[in-house]
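Structure first, then comments.
The values are calculated or read from the model by the stated rules, or taken from the named source; none is laboratory data. Computed from a predicted model, the values in this text were never measured in an experiment. Positions of Cβ are backbone-derived with ideal geometry, glycine not excepted, and every protein chain shown enters the neighbour counts.
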Ligand code: HEM
């Protein structure tokens, strides 16, 4: 069937199309971007994500190879370890886990609160803001740079680069500009890693230094691999949380009753954030490549075919979620796949939750009466890589 996840028509309102696809053709073939099988049922998506032996994440950076990584179409760079398969990926994942463990995130909370207040103080007297530009894009960028021990002052460039990399469709000048900026960041990270590695007595500043000191199979990691890992953490950390948190502010702007509920019952905030992550599904689809012939829902699929696991559709499958299009602040159970599933499940999930909770709590405390500006909410022009918002304008009584 005709299905291009990068088209503007799809991005404007993907859910009715995905509902129809799931009901009528849950294993659909599309010729777009070299051809892929689109899966929209929760059970099929979960199966693909939890069976890496059959559904590979490998990205060979060779257009003649069938292994083209986790996005469709693939970007001109590979991400480590998310575009690797076990057992190779497991050793890398072990290195990442301590940076984002529940204990590490708990230690970061006061810092995240400081950065959040810094963002709010900057627009407090103005009486108007764009949630994306003023809060939900800068905050995750500042926090991620801080964790990595990279210069926090440089957040505008990082935020813009990783935001534009997912907000614009293939072939657009904005996307080409973002790739160019990412290459420049790559080159800088390369220099930085080489310099820091050359000085074993250096003061350890954060994640970059921890990765430089790490070993896989008893060997330190090559500089190129270190840069690939750092870039994945930046890309994973910077714009995904932006989409989920902006979606929350848009929803709460449109539903003052839900805002009141969260203010009266702050104990609901954790579960509500989980629900906003499901409802927005910032990473709406993940690609895999079949390593052997398989059958899905009675459909035979040969080896080396591209599979699109549609997380956004899975998260609204009525077979798994009651009233899936509604936000239920206290939804339980809420076993969504917005953070993925299986061995590559998002390593930053704890951090994303903490950032969202802290941002929402601060906004409800300091500017509870914000009102969305009519026509001020603008979605990404493509939802082929991320679901999110270019802008979400609001006004509020100035505060101190
Ligand atoms: C709401 C926010 C977030 C969402 C929805 C999200 C989504 C995802 C998803 C779906 C995956 C699985 C990819 C796959 O299976 O191919 C993933 C992996 C990953 N995420 Fe996140 N993410 C979020 C926040 C973060 C944050 C804050 C960080 C770090 C600062 C991060 C870093 C990563 C990394 C490094 C991986 C790769 C893990 C691996 O390959 O083992 N993410 N994320």
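The single condition among (1) surrounded by 15 or more Cβ atoms within 10 Å (Cβ to Cβ); (2) in a helix (DSSP H, G or I) that residue 84 does not meet is (2). Please indicate, with yes or no, whether at least one residue in the range 166-173 is surrounded by 23 or more Cβ atoms within 10 Å (Cβ to Cβ) and away from the ligand (no atom under 13 Å from the Cβ). Yes, the range 166-173 has at least one match.
For the range 345-383, a residue qualifies if it is within 12 Å of the ligand (Cβ to nearest atom) and within 14 Å of the chain's Cα centre (by Cα), and the qualifying residues are 345, 346, 347, 348, 349, 350, 351, 352, 353, 355, 356. Taking residues in the range 50-63 that are over 14 Å from residue 87 (Cα atoms) and within 12 Å of the ligand (Cβ to nearest atom), and partners anywhere that are in a loop (DSSP other than H, G, I, E, B) and modelled with pLDDT under 95, the pairs with Cβ atoms closer than 8 Å and at least 6 places apart or on different chains are 59/74; 59/78; 59/79.
Table: residues versus (1) within 29 Å of residue 276 (Cα to Cα); (2) touching a residue at least 60 places away in the same chain (Cβ under 8 Å).
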{"site": "140", "(1), (2)": "yes, yes"}
{"site": "160", "(1), (2)": "yes, no"}
{"site": "175", "(1), (2)": "yes, no"}
{"site": "188", "(1), (2)": "no, no"}
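Just checking, which of 400, 373, 395, 382 is more than 26 Å from residue 286 (Cα to Cα) and modelled with pLDDT under 95? Residue meeting the stated conditions: 400.
Please verify whether the range 19-30 includes one or more residues that are farther than 18 Å from residue 341 by Cβ, away from the ligand (no atom under 14 Å from the Cβ) and part of a loop (DSSP other than H, G, I, E, B). Within the range 19-30, one or more residues are farther than 18 Å from residue 341 by Cβ, away from the ligand (no atom under 14 Å from the Cβ) and part of a loop (DSSP other than H, G, I, E, B). Scanning the range 65-85 for residues that are within 10 Å of the ligand (Cβ to nearest atom) and touching a helix residue (DSSP H, G or I) at 6+ places or on another chain (Cβ under 6 Å) gives 79, 80, 81, 82. Taking first residues from the range 93-121 that are on the phi < 0 side of the Ramachandran plot and partners that are assigned to a helix (DSSP H, G or I) and exposed (fewer than 14 other Cβ atoms within 10 Å of the Cβ), the Cβ contacts under 8 Å between residues at least 6 apart in sequence or on separate chains come to 104/98. Here 90, 45 are screened, and the one residue that is farther than 19 Å from residue 309 by Cβ and assigned to a helix (DSSP H, G or I) is 90.
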